[in-house]
1. How large is ³J(HN,Hα) for each residue in the range 219-235, as worked out from phi by the Karplus curve 6.51 cos²θ - 1.76 cosθ + 1.60 (θ = phi - 60°), to whole Hz, x for Gly and Pro?
2. Spelling out what I want: for every residue of the range 268-283, take phi, set θ = phi - 60°, compute 6.51 cos²θ - 1.76 cosθ + 1.60 (Karplus), and round to whole Hz; glycine and proline get x.
3. In whole Hz, what ³J(HN,Hα) sequence does the range 95-110 give by Karplus (6.51, -1.76, 1.60; θ = phi - 60°), x for Gly and Pro?
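Computed from the coordinates by the stated procedures, all read-outs in this text should not be read as laboratory data. Everything quoted here is computed from the prediction, not taken from an experiment.
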Amino acid sequence: MMHLLADSSGLWNTLGSDLTIDLHIGEGFTAIVNFMQAHFDLFFTIVAAIISFVADHLTTFFNWLPAPVIFIALALLALWRVSWQFALFVLVALYVVIGMDLWPETMDTLGLVLAATLAALGVGLPLGVLMAKSDAVRAVARPILDFMQTLPAFVYLIPAVIFFGTGRVPGVIATVIFSMPPAVRLMNIGIRHVPVENVEAGKAFGCNGLQLLWRVELPLALPSIMAGINQTIMLALSMVVIASMIGAGGLGDPVLAGIQQLRLGIGFQGGLGVVILAIILDRLTQSFGDRKRGDGLFTRLKALFTRSASDDGNTHSKKAA
């Protein structure tokens, strides 16, 4: 029995070695990268300059703003869009960030996340519109998006370093590529799920294609679009931390230092800063996708002033009578 198993195993190994084909995928990828480096150097230089300009100015701006200004701005935004309880949480959470001495790193991360999100949405949202309008574009883009979403996050650092070196720019570019797919997918889904009767009504009122998109489809698809923006921001935040391995900076630095130096406290503080920033950005962006949120405060104020104006009018009319 053992001889039969050994013979069958040897036969299988022989057949397997004969049938195996070396695909040279790695060599092909290297050839593509070398070709792009040789012929698209100007393009990569322009992209790096634009990304560097936006990211540097955003991080500089947030670090220039006094901390109390950011406290008040985010608290008022939370009060308007979510609730007073969340506004109180924002104040306490930001105070915790300052207490951990991570304010500059948090502002750097916020600037990098916003820069990457703007770039990802600038490419992803128009692509999502094209997917919604063309089945051919959708058929081509879907497998590419599937590949982008299943590729491990660390792999995105390789081409970013090859084309742009190390530092903030390759970190932002890797973040853009990693965080773009949700914006594309949910823009496509939102527009495709707009009720047909609304589209027909828009056409009946004489809307052309662009007017139909801006006045009918995008407003009705807003919850789906905002969900895509929310997921893009969350993925960008997670990738910015990973991009600290190539010098992107921000809150990823204390996390990376905690891993490299086995310093649990520093790593935990950096992770807590990421969690705080993620919660604030997540709740705020979610609120913009819900039409009912954020209206209560202004509705009450409008009702209050309207009531006051009507009361004054009634008083004047009574006096005149």
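1. With the stated coefficients, the range 219-235 comes to x, 6, 8, 4, x, 5, 5, 5, 5, x, 5, 4, 5, 5, 5, 5, 5 Hz.
2. Karplus values, whole Hz, x for Gly and Pro: 5, 5, x, x, 5, x, 5, 4, 4, 5, 5, 5, 4, 5, 5, 5.
3. Using θ = phi - 60°, the values come out as 5, 5, 4, 5, x, 7, 6, 10, 5, x, 5, 5, 5, 4, 5, 4 Hz.
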